[in-house]
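Peer 1: Here you go, one structure.
Any read-out appearing in this document is the output of simple, stated calculations on the displayed coordinates, not a laboratory observation. In this text the structure is predicted, and so the values were computed from the model without any measurement. Don't worry about glycine lacking a Cβ; one is built from the backbone with ideal geometry, like all the others, and counts go over all protein chains shown.
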Amino acid sequence: MSRIIVVTSGKGGVGKTTVTSNLGAALARSGCTVALVDADFGLRNLDLLLGLEERVVYTALDVLAGECRLAQALVKDKRLKGLVLLPAAQNRSKESVQPEQMKKIVDALAKGYDYIIVDCPAGIEMGFRNAIAAAKEALIVTTPEVAAVRDADRVIGLLEAEGIDNINLIVNRLKPGMVQDNKMMSVEDVLELLGVSLIGVVPDDERVIVATNKGEPLVLYEDSSLPAIAFTNIARRLQGEKVPFLDFMAAHDNLLTRIRRMFGG
Amino acid sequence: MTSESTFSIDITDDSLSPPLVARYSQVLLKSEGEKLLLILPTEQEMKLNLIPWSEVWQELKHHLQGKEQSWQAGSSVSLIARDQLLDARQLHKIAETLSEVELGLEWVYTSRRQTAVAAAAAGYSVEQQSSHPQSLVGVAEETKSLVLEEPLYLQNTIRSGVEVRHRGTIIVLGDVNPGGAAIAAGDIFVWGRLRGIAHAGAQGNRQCRIMALQMEPKQLRIADMVARAPKFLPDHVEPEVAYVTSEGIRLAKAMDFAKTHSYSKEVEGWKDSF
Ligand SMILES: Nc1ncnc2c1ncn2[C@@H]1O[C@H](COP(=O)(O)OP(=O)(O)OP(=O)(O)O)[C@@H](O)[C@H]1O
Ligand SMILES: [Mg+2]
């Protein structure tokens, strides 16, 4: 049975597309077949992050309009066999697609791939409705910021009302130093508020931005980095593996704070 | 350390008074004898209050989840659609939602011919309102009266963006998150953390109280009074109750409240009976 997962957040710019591309690459590398669906009509950029922009010929809209077959619109990844992308049209608005149409496409993809991962646009309007139409489970991406968490909470409520209750949380762009200085919400704070299960924590790291700009998912780099390990671990947990969480706080801890904690201070 | 100074909310802004609330749950679920009645708002009620269908929908789901244990699996439901235009798809969605909590849609009462036709075509028993049984009309009308409804029992967290309104007492078995709101004509009990907005006695009853296992609200409202949250949270948490006194809204330990406080009609507030 294939799995249909929507990556969503409510708030924009928190890392949905980054998560989608890295998870897709990590899953494909471990031997799964993966179709990534860009549901961000009008502002597509999943193709950019995957470095596949120049290979895009058709989009989901062309499939819906009967201009091409679904298989023709799928862009094959240049590095990984088993990874394909269904691009979104850039020149149309989000209103040009209906949830039922989206569902038809995704259900068709589910016949041929182990994982269908849908990259959702920001917001909770039509684009969101389209992206969640076929989803059976959801990955909520949030940064440890009050506004992002508030939006994540809202989105979780909407997903639950639609009957999607297999919901996992990714906390992205954590800065352990700031958490320690009480300047940023901790992962525990976020979890306590949202009340859904955690599937991964990704630290804030420049290398994520560098990889984004190069169009190469970070998880595919030769020398591994903390964020790359974090993304890979999320992919493993998705597949049911029990992987211990990286302890960014411990890595950041210095002797003094450890002594202080020993004395309960 | 007196309980007043530890627990009182630091600012009670009397210049602010919240609007009293006249609008409540749009959807009602009632049992009448063997039958369950699902009552929809009228078209006019929805238009007047600018309520979109999606909201009616979310409310219906809340009601169903909250009351799940109050009926037997397989019970049949009569839909009181009033003057709503429902097509086959909407009827199907309602039936599907009911079936998730093991209820079956059986009867559809409507005053609209199109709805009656769609319902009949979908295989439901239909009755147009002209021949509406007296008892059912009675129930639908009664919802307009000032008498409080039975408590609304919610078994999930009220998340950001969700506002639950009920013409009665609200019991939340979960949290009220920041950005969420519970608005009740009666009392509000939160069996969890209260971090959003709670408005008890929303029709003007100052006797109503708000209780929470953990009080961290952005704002508390009781009847026509507002209190903002204290800047500093107490370092230990315990169940607290918010109530109206002659000086504004105050907090006290929930444990002793019933024994130590009584309501005074003259001052329109609660008094410490010691
Ligand atoms: N862990 C991280 N560390 C540093 N930068 C990051 C991290 N995750 C994402 N970013 C950066 O944040 C920016 C926004 O990321 P991304 O495009 O994935 O967000 P999005 O949620 O898809 O945005 P939108 O809502 O616009 O679709 C990008 O420049 C990306 O490189
Ligand atoms: Mg994006």
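Peer 1: Rank A:VAL149, A:ALA135, A:GLN180 by how far each Cα sits towards the positive end of the charge dipole of chain A (+1 on Lys, Arg Cβ; -1 on Asp, Glu Cβ) and give me just the farthest.
Peer 2: Going by the charge dipole, the pick is A:ALA135.
Peer 1: Next question. What distance in nm separates the simple spin-label points at B:GLU96 and A:LYS78, each placed 7 Å from Cα in the Cβ direction?
Peer 2: Those two pseudo-labels are separated by 4.2 nm.
Peer 1: Same structure, new question: Determine the relative contact order of chain A: mean sequence separation of Cα pairs under 8 Å and six or more apart, normalised by residue count, in whole percent.
Peer 2: Reported relative contact order: 24 percent.
Peer 1: What's the local net charge at B:GLY104, with K and R +1, D and E -1, over the other residues with C-beta under 14 Å away?
Peer 2: Net charge around B:GLY104: -4.
Peer 1: Over all Cα pairs of chain A, how is the pair count split among 10 Å bins, expressed in % and running from 0 up to the last occupied bin?
Peer 2: 7, 31, 36, 18, 6, 2, 0
Peer 1: Which percent, to the nearest 5, of DSSP beta bridges fully inside the range B:145-274 are antiparallel?
Peer 2: 40
Peer 1: Taking every pair of alpha-carbon atoms in the protein assembly as shown, give the share separated by more than 33 Å as a whole percent.
Peer 2: So the pairs more than 33 Å apart make up 52 percent of the total in the protein assembly as shown.
Peer 1: Could you give the size of the charge dipole of chain A about its Cα centre, using +1 on the Cβ of each K and R and -1 on the Cβ of each D and E, expressed in debye and rounded to the nearest 20?
Peer 2: 400
Peer 1: Relative contact order of the range A:21-116, please, whole-number percent, based on alpha carbon pairs below 8 angstrom and at least 6 residues apart.
Peer 2: On the way: 141 pairs, mean separation 36.1, N = 96.
Here the relative contact order equals 38 percent.
Peer 1: Roughly what % of DSSP beta bridges within the range B:28-118 run antiparallel, to the nearest 5?
Peer 2: Taking every DSSP beta bridge with both residues in the range B:28-118, the antiparallel ones total about 35 percent.
Peer 1: How large is the dipole of the range B:145-274 about the Cα centre if only Lys and Arg carry +1 and Asp and Glu carry -1, each at its Cβ, rounded to the nearest 20 debye?
Peer 2: 220
Peer 1: Please rank A:VAL208, B:VAL176, fewest neighbouring Cβ atoms within 10 Å first, as an exposure proxy.
Peer 2: A:VAL208, B:VAL176
Peer 1: Something else: To the nearest Å, what is the center-to-center distance of the range A:126-182 and the range B:150-164, using C-alpha atoms only?
Peer 2: 20
Peer 1: Sticking with this one: Looking at the range B:145-274, how many pairs of lysines come closer than 27 Å at the Cα, when each pair is eight or more places apart or spans two chains?
Peer 2: 8
Peer 1: Please name whichever of B:ALA81, B:VAL237, A:LEU191 sits farthest to the positive end of the charge dipole of the protein assembly as shown, dipole taken about the Cα centre and charges placed at Cβ: Lys and Arg +1, Asp and Glu -1.
Peer 2: About the Cα centre, the residue reaching furthest to the positive side is A:LEU191.
Peer 1: I would also like to ask the following. Can you give me the orientation-averaged projected area of the convex hull built on the Cα atoms of the range A:54-200, in nm²?
Peer 2: Working: hull surface 41.8 nm².
The number I arrive at for the range A:54-200 is 10.5 nm².
Peer 1: Are there any GluC sites (Glu not before Pro) in the range A:45-133 that are in a DSSP loop and have at most 13 other Cβ atoms within 10 Å? List them by number.
Peer 2: Values: sites: A:GLU53, A:GLU54, A:GLU67, A:GLU95, A:GLU100, A:GLU125; in loops: A:GLU67, A:GLU125.
In loop regions of the range A:45-133 (DSSP not H, G, I, E or B), the sparsely surrounded GluC sites (Glu not before Pro) are A:GLU67, A:GLU125.
Peer 1: Only four residue types carry charge here, +1 at the Cβ of Lys and Arg and -1 at the Cβ of Asp and Glu. Report the dipole size of the protein assembly as shown about the Cα centre in Debye, rounded to the nearest 20.
Peer 2: Here the size comes out at about 820 debye.
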